[in-house]
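First comes the structure, then the notes that go with it.
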């Protein structure tokens with residue numbers, strides 16, 4: 001199980017679309033979504049994944065994460081067991097120096113929300129900021145995908 | 001994902017111990033344990049398993065189940081994310097006609113509880129009853145392992 005260290009930002013313009021080197025269509029749901037323990041089913045470009053995440057550290061930058069790829073039919077069946085409120089988004093990958101930013105454009109009930117995340121090797125690792133980055137929202141629970149499921153952006 | 005069809009009974013004497021052809025030591029915990037959706041981490045004789053179960057049918061005999069074997073170190077890490085109240089038990093396998101009964105002797109906070117389950121191919125499949133079977137408790141929620149975690153036998 002890896003420790004996932006991430007920082008998350010709002011996105012203030014659409015320039016990421018032109019600078020992205022790849023994009024994915026993602027659909028994901030949650031079998032459970034409690035504080036400190038989430039189980040996620042994701043289908044990304046026709047591949048299935050099951051992911052278990054543990055509790056965050058106090059700053060919200062770091063979480064335990066376990067992930068396993070699944071055959072697509074199994075992921076589709078597990079998706080049917082998920083809590084109501086499946087998340088649909090398109091993820092753009094944008095390089096900035098030695099880091100890759102994942103920019104998530106949400107659709108459905110979260111249409112209009114765009115957030116960018118960067119994965120770090122340590123909590124204090126420096127990284128360059130692409131011009132589209134806005135306010136930092138690392139650790140703000142309402143931006144967790146597992147929170148967007150129950151309280152989507154359209155209700156904010 | 002398979003449909004798991006099972007019936008569950010209390011056990012009224014210890015004769016299963018002599019007729020068992022195999023036994024396992026089992027330790028299991030739950031990452032989530034809600035009605036209709038449980039995620040279980042199990043370590044059985046040094047092997048790890050992750051299991052997702054869906055909702056039961058109204059009689060409690062049948063549930064969706066998805067299971068995957070895991071490397072032991074991953075199962076041990078996922079066990080640390082589980083809800084409080086890990087279940088320890090010894091499972092005895094006893095043949096009766098063409099069926100195998102799984103007899104679970106619980107330990108720790110569930111010491112004294114012994115239940116037997118038989119897996120069926122259909123809800124109305126006939127099966128022979130070994131002499132140690134007592135009252136049927138199929139579908140009684142308090143005997144679910146996921147319920148024993150929060151409300152163990154010692155508190156009944």
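The values are calculated or read from the model by the stated rules, or taken from the named source; none is laboratory data. All figures in this text were calculated on a predicted structure; none of them were measured in a lab. Using ideal geometry, Cβ is built from the backbone for each residue, glycine included, and neighbour counts are taken over all protein chains shown.
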Which condition breaks for residue B:61 when tested against (1) more than 15 Å from the chain's Cα centre (by Cα); (2) more than 14 Å from every other protein chain (Cβ to nearest Cβ); (3) modelled with pLDDT under 95? (1)
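With respect to residue B:92, is the statement that it is surrounded by 17 or more Cβ atoms within 10 Å (Cβ to Cβ), in a strand (DSSP E or B) and either more than 10 Å from chain A (Cβ to nearest Cβ) or modelled with pLDDT of 95 or more (or both) true?
Numbers: surrounded by 17 or more Cβ atoms within 10 Å (Cβ to Cβ): yes; in a strand (DSSP E or B): yes; either more than 10 Å from chain A (Cβ to nearest Cβ) or modelled with pLDDT of 95 or more (or both): yes.
Yes: the conditions hold for residue B:92.
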For the structure I just gave you, tell me whether residue A:31 is over 22 Å from residue B:34 (Cα atoms) and assigned to a strand (DSSP E or B). no
Hey, can you tell me all the residues within segment A:13-47 that are within 14 Å of chain B (Cβ to nearest Cβ) and without any contact (Cβ under 8 Å) to a residue 12 or more places away in the chain? A:34
Considering each of A:83, A:10, A:50, A:72 in turn, give the residue that is modelled with pLDDT of 95 or more and facing another protein chain (nearest Cβ under 9 Å). A:50
